[in-house]
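**Q** Encoded as C-alpha cells, here's the structure I'll be asking about.
The values are calculated or read from the model by the stated rules, or taken from the named source; none is laboratory data. Computed from a predicted structure; not experimentally measured. Cβ atoms come from the backbone with ideal geometry, glycine included; neighbour counts cover every protein chain shown. To get the accessible areas, we keep the full protein, side chains included, count just its heavy atoms, and leave off ligands, DNA and RNA. Shrake-Rupley method; radii C 1.70, N 1.55, O 1.52, S 1.80 Å.
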Amino acid sequence: GEVANLYKTTKPVAVQSSYQARRDILIDLHGLTREEALSTLNESLLGWIDIAMKGGYPWVVPVTIVCGGGNQMLAETVKNWIKQNNEVANVPKSLYR
C-alpha cells in the first residue's frame, strides 16, 4: 500500500460494539451443584475465548462470577477452576480498592 497509509489502522464498527457488549458478562452459579457449576464454567469459557479472540488487544473478557453465600463450596470450586485454567485470571486486588 501507500506509505501514507502504512501506520493507519481502523477497527471495524462491529468489533467495537462487540467489545462494549462483552464488558458486562455475568454468570450466576447460585443453586448449582459443584459439578453443574464446573460444567457451566467450562462451557462458558469456550464462548469467552471466542469473544476475546474476535475483539482487540488485550484480548480480555471481564466476567463476574457470582457464587453466593452459604458454605463457600462454590466459591472454592471457582477459585480452584481459575487456578487450573491458564486462560482465566482473577482481577488484581488493587482494582478492588
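**Q** Residue by residue, what Karplus-based ³J(HN,Hα) values in Hz, rounded to whole numbers, does the stretch 36-45 have, using 6.51, -1.76 and 1.60 with θ = phi - 60° and x for Gly and Pro?
**A** The phi angles translate into 5, 5, 4, 4, 5, 5, 5, 5, 5, 4 Hz.
**Q** Right, something else. Find the all-direction average of the projected area of the Cα convex hull for the stretch 45-97, expressing the result in square nanometres with one decimal place. Don't jump to the answer; show the numbers that get you there.
**A** Values: hull surface 18.4 nm².
Mean orientational projected area (the stretch 45-97, Cα hull): 4.6 nm².
**Q** What does the net charge come to around Val78 if you take all other residues with beta carbon closer than 15 Å to its beta carbon, with K and R at +1 and D and E at -1?
**A** On the way: positive: Arg34, Lys79, Lys83; negative: Asp28, Glu35, Glu36, Glu43, Glu76, Glu87.
Here the count lands on -3.
**Q** Another question about this same structure. For Lys93, Lys79, Lys54, write out the residues from largest to smallest accessible area, computed with a 1.4 angstrom probe and no ligands counted.
**A** On the way: Lys93 155, Lys79 95, Lys54 135 Å².
I get Lys93, Lys54, Lys79, largest accessible area first.
**Q** Want the number for Met73 to Leu26: 0.36 nm per residue separation, take away the alpha-carbon distance, what's left?
**A** Numbers: separation 47, 0.36 × 47 = 16.92 nm, distance 1.92 nm.
Length gained, Met73 through Leu26: 15.0 nm.
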